[in-house]
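S.K.: Supplied in structure tokens, the structure appears directly below.
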Amino acid sequence: MSVKKLVILPDARLRQISAPITGVDKALRAFVDDMFETMYDAPGIGLAAIQVGEPKRLFTLDVSKREDNREPLVVINPEITWKSDEKNTYEEGCLSIPEYYEEVERPARVRLKYRDIDFVERELEADGLLATCIQHELDHLNGVLFIDHISKLKRDRVIKKFTKLAKRDDEA
Ligand code: ZN
């Protein structure tokens, strides 16, 4: 297993639409192991494949926030089949936008259809932090970032800041 390099804003890959996965083989299992290692190392509670540079419809999650009682979840080819009208607001962050947090309003509950690591079709209904996290990660598969859900003023400001940082790193 290895920790992968994270793709950071304003990298254009974050705007790419990820492609469906057609099956799970040994290589994909190894890749998922690397994603978990990268996510726990960061540390983060969710990671989409594109955040380590792979445009695949896959993300890993663990909202338990407990090292002694992990609840890893692998989500392949997800589809939200229902959203509640009721909304919930969480302060969100993203491993691709380090140390930036902003409140985002999203549906409070969602129903998700997906495939697990054995490529078996599953369904789950989520609320609370898990529901927010699922929507945040699914957005990544469509090239959408949580900053797309905040005001344009705030979004432009954070993009500008990260563009400047990336430029400085290039020149260094
Ligand atoms: Zn994210």
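S.K.: Ranked highest first by average number of other Cβ atoms within 10 Å, how do 120-126, 165-171, 61-67 line up?
M.R.: Result, highest mean first: 61-67, 120-126, 165-171.
S.K.: What order do ILE45, ILE50 take when sorted by accessible area (1.4 Å probe), most exposed first?
M.R.: I get ILE45, ILE50, largest accessible area first.
S.K.: Give me the percent of Cα-Cα pairs in the chain that sit more than 19 Å apart, rounded to a whole number.
M.R.: Percentage above 19 Å: 57.
S.K.: A follow-up question, please. What FRET efficiency, computed as 1/(1 + (r/R0)^6) with R0 = 41 Å and r the Cβ-Cβ distance, is obtained for GLU99 and LEU124, rounded to the nearest 0.05?
M.R.: Between GLU99 and LEU124 the formula returns 0.85.
S.K.: Also, I was wondering about something else. Beta carbons within 10 angstrom, averaged per residue: use that to sort the peptides 131-141, 77-87, highest first.
M.R.: Put in order of decreasing packing, that is 131-141, 77-87.
S.K.: Can you tally the lysine pairs in the range 12-171 where the Cα-Cα distance is under 16 Å and the two residues are eight or more apart, or on different chains?
M.R.: Final tally of qualifying lysine pairs is 5.
S.K.: With each pseudo-label sitting 7 Å past Cα toward Cβ, what's the ASP156-LYS26 distance in nm, one decimal?
M.R.: Rounded to a tenth, the inter-label distance reads 5.3 nm.
S.K.: Round to a whole number: what % of the accessible area of the chain belongs to carbon and sulfur, probe 1.4 Å?
M.R.: It is 47 percent, rounded to a whole number.
S.K.: Right, something else. With each run of n ≥ 4 DSSP H residues scored as -39500 (n - 2.57), what mean residue ellipticity at 222 nm is computed for the chain after dividing by its residue count and rounding to the nearest 500 deg cm²/dmol?
M.R.: Taking each H run of at least 4 residues, the total per residue is -9500 deg cm²/dmol.
S.K.: Between the range 43-72 and the range 18-41, how many Å separate their Cα centres?
M.R.: About 10 Å separates the Cα centre of the range 43-72 from the one of the range 18-41.
S.K.: Could you give the accessible area per residue of the chain, probe 1.4 Å, as a whole number in Å²?
M.R.: Per-residue value: 56 Å².
S.K.: Could you sort the peptides 146-159, 17-30, 104-117 by per-residue average Cβ neighbour count (10 Å cutoff), highest mean leading?
M.R.: Ranked by mean Cβ neighbours within 10 Å, highest first: 104-117, 146-159, 17-30.
S.K.: If I model a spin label at ALA42 and ARG13 as a point 7 Å from the Cα along the Cα→Cβ vector, what separation in nanometres do I get?
M.R.: 1.4 nm
The values are calculated or read from the model by the stated rules, or taken from the named source; none is laboratory data. What you see is a predicted model, and the numbers here were worked out from it, not measured in a lab. When we count neighbours, we look across all protein chains shown, and the Cβ atoms used for this are built from the backbone with ideal geometry, even at glycine. In case anyone asks, the SASA skips ligands and DNA or RNA and just uses the protein heavy atoms, side chains included. Shrake-Rupley method; radii C 1.70, N 1.55, O 1.52, S 1.80 Å.
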